[in-house]
Amino acid sequence: MEAVGARSIGARVMRVEDPRILTGRGQYVDDVTLPGMAHAVFLRSQVPHGRLLSLDVSEARALPGVVAVYTGEDIARLTTAAQAGAVSGMNLSPDMKSPSFHSLATDKVRHVGDPIALVVAESRYIAEDALELIVDDIEMLDPVVTYEDALDPGKPPIFDELEDNVYLTAEMAFGDIDAAFAEADRIVRASIQVHRHQPVPMECRGLIAAWDPSAEHLTIHASTQSPHMLRMVLPDQVGIPIESIRVIARDVGGGFGLKNSVTREDVAIVAAAKDLGRPVKWTEDRLEHLATAGHAREEMADLEAAVSADGVLLGVRMDVKVNIGAYPSDPFPGAMQAYTIIMSFQGPTRLRALAGTSAALFSNKATYVAYRGPWATADFLRERLLDIVADELGIDPLDVRRRNYVVRDEPPLAMLTGRPFAGVTTRESVEQAAGLMGWDAFGERQRAARREGRYLGIGMASYLEAAPGPRVPGQDGPDIMGYETAHLSIEAGGQVVIVTRQQPHGQGHETTLAQVAADELGVRFEDITVRYGDTDITPMAIVGTGGSRAATMANGAVLHASRELRGKVISLAADLLEANPADLELAAGVVSVKGSPVVSLTLAELARVASDEPHRLPAGAASDLAVTRTYDGGRSGWSGGTHCCIVEVDVETGIVSFERYVVVEDCGVPVNPAIVEGQVRGGVAQAMGAVLLEHAAYGEDGQYLAGSFMDYLLPTTTVVPRIEIHHVQTVPTDPDVNFRGVGEGGMIVAPAAIVGAIEDALRPFGVRALEQHLPPARIVELAGTLRPR
Amino acid sequence: MKLPPLHHNTPATLEEALDLLGEHGDEAKVIAGGQSLVPMMAMRLARPAQLVDINGIASLAAMEDRGDVLAFGAIVRERAAEKSSVVAERAPVLAEALPHIGHVSIRNRGTIGGSLAHADASAELPAVAMVTDAHVVVRSRRGERIVAAEDFFVGHFTTSLADDECLVEVRVPATLPGAGWSFQEVARRQGDFALIGVAAMVALGGGGSIDTARICVFGVAERPLRIRTVEDALAGAAPSPEAFEAAAADAARDLEPPSDVHGSAAYRRHLAAVTVRRALTAAAARAGVPG
Ligand SMILES: Cc1cc2nc3c(=O)[nH]c(=O)nc-3n(C[C@H](O)[C@H](O)[C@H](O)COP(=O)(O)OP(=O)(O)OC[C@H]3O[C@@H](n4cnc5c(N)ncnc54)[C@H](O)[C@@H]3O)c2cc1C
């Protein structure tokens, strides 16, 4: 730790959570064992689409050690079917058709992995033995796999009660699109695809539900990003009121957005635990996880851009499709993407007009979930389009970016959606990245390498990340994830306790929130404890951790709460010391009179007076050393930056390697630069996976083809190169809180930089990359280097 | 992903192990490093009722240089062979192949014998056994057989081992003096099973022409393939880029590799040609052909 007196904010403080986690003392759901606990396993559909004709669980029920076997019929008796989004209000859009469904298949199976039955046994081993004894009879139906299938009226509706497979359609327009097209020198068209891939946290899903029949109280141990969300979503389905549900989440092994939903398995396990009156644990295994936990990103867009002769985007028309799979996720259905991809498309450009239509479509695939930067396709589309414009007009892609990205404090001062371009440093990051990378000299190297049969390419992309970002003027009030509340108190020993509604799952909140409080309060970092993950103590929040909001929102709440608590401490000390508050200072947990340090009181002494001797306080003085503070985000600015990379493509094998990867980013004031850089690196690594390795692939017949880590390939240390991270000089937008989120930035922008670099490497082969996923087999196909037999 | 019910036997001697195999027949399976078998049992793709664990049998633990051959007992770990200077010098193609197998932690447990007995069509070591003309020694209560690699591999996950037999030793011939070897594979990531791989050897004769060439391609068929027609055609030829290019095209032409999420048959066939050319070129360079 830093010496006393040094500022904690901005220091590379070692994460306090690491010793626990790295020495195996973390407590994940599977580490929790409750007395009398039984173990659950789901029988899952092997077929993509079918009618469940019969299900015989009698042999499984008879196996010694089996406690119970639940079928869809049982679940329909024990729970109430739900519409995804009922709690968030996202089931009610007029252009939306929301199906209701149960946690186990009742009439139909709708994707490979759809849960059909739930076995509860004395051990996971016995439960898996019992699975093999269940006999199901399923009549196969025509599978709905692709966008075309979903729009084909000849295909059966996945939910019988809806006539077709269109979940939601949306239409949006900003600016004068017709004028933009009338003015254009050139129309550029592209149809761009992002493939289905998935978050893949290290810890799969899992929960333990324990019903106390005498207290009529449910305790859930969950692997979740949002403990309170379970309390909000479950009551309508399982018939337990919110005040009788406590959710505990200790360490969570990653989420990336996937664990910001309440899944059908959660409902089924809770129903079983309540029915049985004994704790039931479900630990998802990797096979289940890859097939069913949730996929993301299967999106495409037809783009039409009105472009000026010098490569400036004047207007864009876009038609977006989102393949959201069978069961919309709850409480934030994937249909949201139909809007957000259009709304987020503009990024840091001066785009004058944007018109979009979009459709979210059902298919016989696993549930679409949020994944690190849920709108990421928007950034990919925009940056790809800029590269395509550069290529079609014969302009350097760097110059196209210079001409399209806004300059701070020059018009336009706001996006088409109304959000101000407050403090954006995109242009600075572009120049810094280009300089670091030697952009101008690269062409010469590239030509020299080609003469040796080596193919190098360079790519660049920039982004803005709203975390939460500036508000549209006049639109006050919280966004969908709400304001952020923090609770601070001083314990009897003088230690400070922060209670946050954030649910850390890798971000290091135990460290960063304490850093903020240490500086603002004037206590030592090691005297601060961050508590989270128990809904009995944490403030209500539909989303715990998500949307890269903690940097601004949670740090902001802690900063303001610390300031208020400091005020309380000083005023109490002033009373006791009979001093003027203005003459007092609080440092390292001791209040003293400036200039005469012997006249002092420790936080422990103050806490004791506040709790045990309130009679010593003047009448009316606050006697508790605790503060609860809600923060609205203040005048938050944008995170953003530019990524630039050089790749080498082996055009004979299609294997891509990274020569250099540079990130120049602006996340405001980094509370802990090491944590910021970890977030950036992780995001870039996932983007490398997305482009080169990861594909949640389905066959034309709807079979899932990426069911194990031999088929679904993650980036490893041998794939991911060193990632150089540079920070741009930031522009403050708020008087106090200029910490901005970085959780999603790496992941949303890197795919475009990487694909751009690969396309550049393959330029001699006339390749245009209109898809995000470029595995080696696809690269040789695009390059035309595949030799005939 | 939990194992089905089974009985774990831990014999201390080979005789006990062979008795168990003889007694239980196709109900039993040998377990060596467990790096292939345990995942298969966890996914319930293999469900032996009796596991015969040979890890406690001291007589199977030796790695020996016997002059003309290197002998590896059935529980010699892949990592031990990888770290051996004797292997690096006397069986360089084996040394070059080993690091391609999974990751260090897997090679710390996985055995050479287990990899051959497992006979995955995309595995490295069966190809090494084929290209070096290795032999395996197998034992049962019925006696001992010494089987040439060519006769050992039958298909994907299938060998000529009978249910009651245990592989006890792998014999890899020491390399010919002056021969150049190369082991090359294309995998999506370091450590993955190969999309396609090639083990090759080139030895030069008088006048700088090729005396002997050996080519074994794996990941393209049910078992590793020696491409003998091309080997024969190369014998006596000048070791030129053109000759290797032509040999590679010939070697790949008739292959019928599998298709999967990682690539089509056509892609793998293409990779076979690329990799055979690269392997022959690298092997020739090591045999002394100027670059
Ligand atoms: C993540 C991961 C990645 C891997 N990557 C690769 C890779 O890239 N390339 C590769 O080749 N392998 C790979 N493997 C497999 C690994 O190399 C195994 O070590 C090897 O295939 C088998 O050796 P083993 O000793 O572990 O065999 P085991 O798993 O113990 O046994 C495998 C099979 O061989 C039989 N068997 C074993 N020993 C004998 C014997 N003495 N007599 C008769 N039968 C026997 C068993 O009954 C079983 O059927 C990987 C494994 C993992 C987990």
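I'd like the distance separating the alpha-carbon centroids of region A:126-182 and region A:634-656, in whole Å. After rounding, the separation between the Cα centres reads 32 Å. Taking max minus min of the alpha-carbon positions on each principal axis, region B:12-86 gives extents of 40, 28, 19 Å, largest first.
Computed from backbone phi, the HN-Hα couplings of region A:136-149 come to 10, 10, 10, 8, 5, 10, 4, x, 10, 10, 9, 4, 4, 4 Hz, rounded to whole numbers (Karplus: 6.51 cos²θ - 1.76 cosθ + 1.60, θ = phi - 60°; Gly and Pro given as x). Computed over the alpha-carbon atoms, region B:61-173 gives an Rg to Rh ratio of 0.93, Rh here being the Kirkwood radius from the mean inverse distance. All Cα-Cα distances of region A:215-371, cut into 5 Å bins from zero to the largest, leave 2, 8, 15, 16, 14, 12, 10, 8, 6, 4, 3, 2, 1, 0, 0 percent in each bin in turn.
Legend: translational diffusion of region A:70-126 by Stokes-Einstein, Rh = Kirkwood radius over C-alpha pairs, 10 °C, 1.306 mPa s; D = 120 µm²/s. When the alpha carbon gyration tensor of chain B is reduced to an equivalent ellipsoid, the three semi-axes, largest first, read 34, 21, 16 Å.
For an R0 of 45 angstrom, estimate the FRET efficiency from the Cβ-Cβ distance between A:ASP536 and A:ALA674 and round to the nearest 0.05. Before the final figure, lay out the partial values.
Numbers: r = 32 Å, r/R0 = 0.72.
My answer for the efficiency is 0.90.
Remark on A:VAL530: its backbone amide H falls under 5 Å from those of A:ILE498, a criterion applied only to residues 5 or more positions apart or on other chains, H modelled at 1.01 Å from N.
For region A:455-604, compute Rg over Rh where Rg is the Cα radius of gyration and Rh is the Kirkwood radius from the inverse mean 1/r over Cα pairs.
Details: Rg = 19.3 Å, Rh = 17.3 Å.
My calculation of the ratio gives 1.11.
For region B:1-144, the C-alpha radius of gyration sits at 1.06 times the compact-globule guess of 2.2 N^0.38 Å, with N the residue count. Its DSSP H runs of at least 4 residues, each contributing -39,500 (n - 2.57), put the calculated 222 nm mean residue ellipticity of the protein assembly as shown at -8500 deg cm²/dmol, to the nearest 500. Here the Karplus curve 6.51 cos²θ - 1.76 cosθ + 1.60, taken at θ = phi - 60°, turns the phi angles of region A:61-73 into couplings of 4, 7, 5, x, x, 7, 8, 6, 10, 9, 10, x, 4 Hz, with x standing for Gly and Pro. Run a plain Debye calculation on region A:79-164 (Cα atoms as equal point scatterers, no solvent) and give log10 I(q)/I(0) at q = 0.24, 0.25 Å⁻¹, rounded to two decimals, same order as the q list. Summing over Cα pairs of region A:79-164 leads to -1.28, -1.32. Identify the residues of region A:439-458 with backbone N under 12 Å of a label point that sits 7 angstrom from the Cα of A:ASP396 along the Cα-to-Cβ direction, or state none. So the set is A:439-444. Just how far, in whole angstrom, is region A:585-620 from region B:125-195 if you go by their alpha carbon centroids? About 78 Å separates the Cα centre of region B:125-195 from the one of region A:585-620. Shown for the protein assembly as shown is the translational diffusion coefficient from the Stokes-Einstein equation, using the Kirkwood radius over Cα pairs, a temperature of 10 °C and a viscosity of 1.306 mPa s: 49 µm²/s.
Averaging the Cα positions of each part gives two centres, and for region A:252-320 and region B:1-31 these lie 44 Å apart. A dipole drawn for region B:61-173 from +1 and -1 charges on Cβ atoms has a positive end, and of B:ILE146, B:ALA123, B:GLY113 the residue lying farthest that way is B:GLY113.
When the listed pairs B:LYS2/B:LYS83; A:LYS97/A:LYS155; A:LYS108/A:LYS281 are checked against a 24 Å cut-off, the alpha-carbon distance exceeds it for B:LYS2/B:LYS83; A:LYS108/A:LYS281.
Ignoring lysines fewer than eight residues from A:LYS594 along the same chain, the ones with Cα atoms less than 25 angstrom from its Cα are A:LYS568. Compute the Cα gyration tensor for region A:279-400, then decide on rounded, prolate or oblate, letting a ≥ b ≥ c be the square roots of its eigenvalues: rounded whenever a/c is under 1.5, prolate when a/b is larger than b/c in the other cases, and oblate in all that remain. Here region A:279-400 falls in the prolate category. Compute the acute angle (0 to 90°) between the alpha-carbon long axis of helix B:241-253 and the principal axis of greatest extent of the alpha-carbon atoms of chain B; round to the nearest 10°. Approximately 40 degrees, to the nearest ten.
A viscosity of 1.567 mPa s and a temperature of 4 °C, combined with the Kirkwood radius over C-alpha pairs in the Stokes-Einstein formula, give region A:266-328 a diffusion coefficient of 79 µm²/s.
Comparing A:VAL543, A:MET688, A:PHE42 along the charge dipole axis of the protein assembly as shown, the residue lying farthest to the positive side is A:MET688, per the Cβ-charge model.
Computed over region B:179-287, the P(r) curve from all C-alpha pair distances, binned at 5 Å from the origin, holds 2, 14, 26, 24, 16, 10, 5, 2, 0, 0 percent per bin. With N counted as the residues of region B:108-228, its alpha-carbon radius of gyration over 2.2 N^0.38 Å works out to 1.12. Charged neighbours of B:GLY155, selected by a Cβ distance under 15 Å, balance to -4 (K, R count +1; D, E count -1). Within chain A, which DSSP H helices have Cα atoms that stretch 24 Å or more along the helix axis and a mean Kyte-Doolittle hydropathy of at least 1.0? In chain A, the long hydrophobic H runs are A:745-761. Between 0 and 90 degrees, the angle of helix B:14-24 with respect to the longest Cα principal axis of chain B falls at about 80 degrees.
So what are region B:7-52's ellipsoid semi-axes, whole angstrom, largest first, if each one is the square root of 5 times an eigenvalue of the alpha-carbon gyration tensor?
Semi-axes (√(5λ), whole Å): 19, 12, 7.
Any read-out appearing in this document is the output of simple, stated calculations on the displayed coordinates, not a laboratory observation. None of the values given here were measured: they were computed from a predicted structure. FYI the Cβ positions are ideal-geometry reconstructions off the backbone, even for glycines, and counts take in every protein chain you see.
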